[in-house]
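The values are calculated or read from the model by the stated rules, or taken from the named source; none is laboratory data. Note that this is a predicted model, so its numbers are computed, not measured. Neighbour counts are summed over all protein chains in view; Cβ atoms, including those assigned to glycine, are modelled from backbone coordinates with ideal geometry.
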Amino acid sequence: MEKIEVAIIGGGASGLFLANALADGKRAVVFERGERVGRKLSATGNGQGNITNLAADTTEYFCVDERSKEKIAQIIRAADQKRLTAEFRALGVLLQADERGRVYPAGKQASALTDALRFSLAQKGVETRLNARIVHVEKSDGGFVLTAEVGTEKKIERVFAQSVVLCAGGKAAKNFGTDGSAYALAKNFGHTVTPLYPSLVQLKTETAYTKTLKGIRVADGGLTAIAGRERLALRGDIIFTDYGVSGDATFRISAFVADKLEAGVTLSIDFLPDVSEREILAMMERKRAAFPALGDGELLFGILNNQVGRAVMKRADGRMEGAAKLVKDFRLPVTGNLGFDYAQVTKGGIPLAETDDGLQSRLVPGLYFAGEILDVDGPCGGFNLQWAYASAARVASVINEK
């Protein structure tokens, strides 16, 4: 049976980051079930490569167990966005931030990130095995025995590894090979998995008042999610769809509401966050006085998108006071989301409490976790790839010391 030092299960972002961070000379192999590594990484940021965020080291990440948040913060601070940026510069990739702190390759090609990591691994002699799906891992004397199905014919191969790192992602975006099946490998060792939810995903809402708005984009609108006594407000693009809402603001707020939908969530849209309700009403009153023959549906023309203006006036039954309020607080009950197939990230996973400070299993020495498979997720904007990097860096540092 072939013997290696480190078996990395999953050739996504965290797996590639980890392999790159291992000390030179480590006998490591990346096992990737797909035909190529880094598929999801190559699609990040709509293919432009939003790899991290300038605010990553000061942003709170989500997890089920609130007590784990300080552990997450420590791991992020130890391998923050500055260190990630410096490492990619060393690999020949120039990274630049936009006005919102999102960091991209200067060429705005996500594939440049994957290529840089691939070239680095080849230089270091780290082997990547494609079309190799790990279907079973068991503890053995001094390490682990991994069983893999290889190739289209699913030929069975076994490998002995001193350490195993589960970097196989979560359940989101199964078109990239992350269908949640890797959780079973952890469960076989006694680990648990928290409830799983799609995050960074489009939201379904009641559409009675938005049927005429499909495809309309509200640029830099205000969006507030209300879940009982909890609420989160932010600004960004909101796009109306036939099922509800999409757009940058929606994706970001979906991380907050993902596990709250069953209890009930309402969205409040502020179409003009920089204009007060009083100013809007005053403008409508002046328009009514200047153009008395103007129909109710046209009172918000020049103030909002025409279609949005008509929808607001119709919902307000033509009343100017009600319309002014709706411009600032257009409420839509959330009825669901588009599910894991459309989600960018999984909320939930292996609890951090089941790992030590080095993200090694507390149940099985030599078994580690990194990336999305853990119960850690962040907002939209590069934060989740920063976690993939920081968690991989933490595991690599522990393995390198052995």
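Worth pointing out:
- Residue check for residue 15: in the same structural domain as residue 174 (by TED's automatic domain parsing), closer than 17 Å to residue 115 by Cα and assigned to a loop (DSSP other than H, G, I, E, B): no
- Residue ID - modelled with the lowest pLDDT, chosen from residues in segment 175-205 that are β-branched (Val, Ile, Thr) and either within 24 Å of residue 28 (Cα to Cα) or touching a Pro at 6+ places or on another chain (Cβ under 9 Å) (or both): 178
- Taking residues in segment 387-402 that are of a type in the set (Lys, Arg), and partners anywhere that are modelled with pLDDT of 95 or more, the pairs with Cβ atoms closer than 7 Å and at least 6 places apart or on different chains are 394/75; 394/78; 394/79; 394/358; 394/359.
- Going through (1) among the basic types (Lys, Arg); (2) assigned to a helix (DSSP H, G or I); (3) touching a helix residue (DSSP H, G or I) at 6+ places or on another chain (Cβ under 7 Å) one by one, residue 235 falls short only on (2).
- Subset tally (residues that are touching a Leu at 6+ places or on another chain (Cβ under 8 Å) and either under 27 Å from residue 50 (Cβ atoms) or of a type in the set (Val, Ile, Thr) (or both)) for segment 346-376: 15
- Selection within segment 163-197 - assigned to a strand (DSSP E or B) and touching a Ser or Thr at 6+ places or on another chain (Cβ under 8 Å): 197
- Counting only residues that are in contact with a Ser or Thr (Cβ under 9 Å, 6 or more places away or on another chain), under 18 Å from residue 208 (Cβ atoms) and buried (at least 16 other Cβ atoms within 10 Å of the Cβ), segment 233-265 holds 6 of them.
- For segment 125-180, the set of residues classified as polar (S, T, N, Q) and over 18 Å from residue 15 (Cα atoms) consists of 140, 147, 152, listed by residue number.
- Any hit, segment 306-329, residues being in contact (Cβ under 8 Å) with a residue 12 or more places away in the chain, part of a strand (DSSP E or B) and not aliphatic (A, V, I, L, M): no
- Highlighted here are the helices (runs of 4 or more DSSP H) found entirely within segment 52-154 that include at least 1 residues which are modelled with pLDDT of 95 or more, in contact with a strand residue (DSSP E or B) (Cβ under 6 Å, 6 or more places away or on another chain) and not polar (S, T, N, Q): 81-90, 111-124.
- Residue in segment 82-101 that is closer than 21 Å to residue 349 by Cβ and in contact (Cβ under 8 Å) with a residue 24 or more places away in the chain present: no
- Any hit, segment 34-46, residues being under 23 Å from residue 145 (Cβ atoms), assigned by TED's automatic domain parsing to the domain that holds residue 96 and more than 21 Å from the chain's Cα centre (by Cα): no
- Summed over segment 374-402, residues that are in a helix (DSSP H, G or I), β-branched (Val, Ile, Thr) and touching a helix residue (DSSP H, G or I) at 6+ places or on another chain (Cβ under 7 Å) total 1.
- Residue within segment 158-174 that is under 22 Å from residue 34 (Cβ atoms), of a type in the set (D, E, K, R) and at pLDDT 95 or above present: yes
- Condition met for residue 108 (within 19 Å of residue 34 (Cα to Cα), surrounded by fewer than 17 Cβ atoms within 10 Å (Cβ to Cβ) and assigned by TED's automatic domain parsing to the domain that holds residue 38): no
- Yes/no for residue 378 being in contact with a Phe, Trp or Tyr (Cβ under 8 Å, 6 or more places away or on another chain) and surrounded by fewer than 21 Cβ atoms within 10 Å (Cβ to Cβ): no
- Qualifying residue in segment 185-197 (condition: more than 30 Å from residue 267 (Cβ to Cβ), outside the structural domain of residue 268 (by TED's automatic domain parsing), surrounded by fewer than 19 Cβ atoms within 10 Å (Cβ to Cβ) and aromatic (Phe, Trp, Tyr)): yes
- Residue list for segment 347-365, restricted to those being within 25 Å of residue 397 (Cβ to Cβ) and part of a strand (DSSP E or B): 350, 355, 360, 361
- Taking each residue of segment 105-123 that is touching a residue at least 40 places away in the same chain (Cβ under 8 Å) and among the charged types (D, E, K, R) and looking for partners that are in a helix (DSSP H, G or I) and buried (at least 16 other Cβ atoms within 10 Å of the Cβ) with beta-carbon atoms closer than 8 Å, six or more apart or interchain, yields 118/16.
- Subset of segment 248-275 (residues that are over 17 Å from residue 305 (Cα atoms) and assigned to a loop (DSSP other than H, G, I, E, B)): 258, 259, 260, 264, 265
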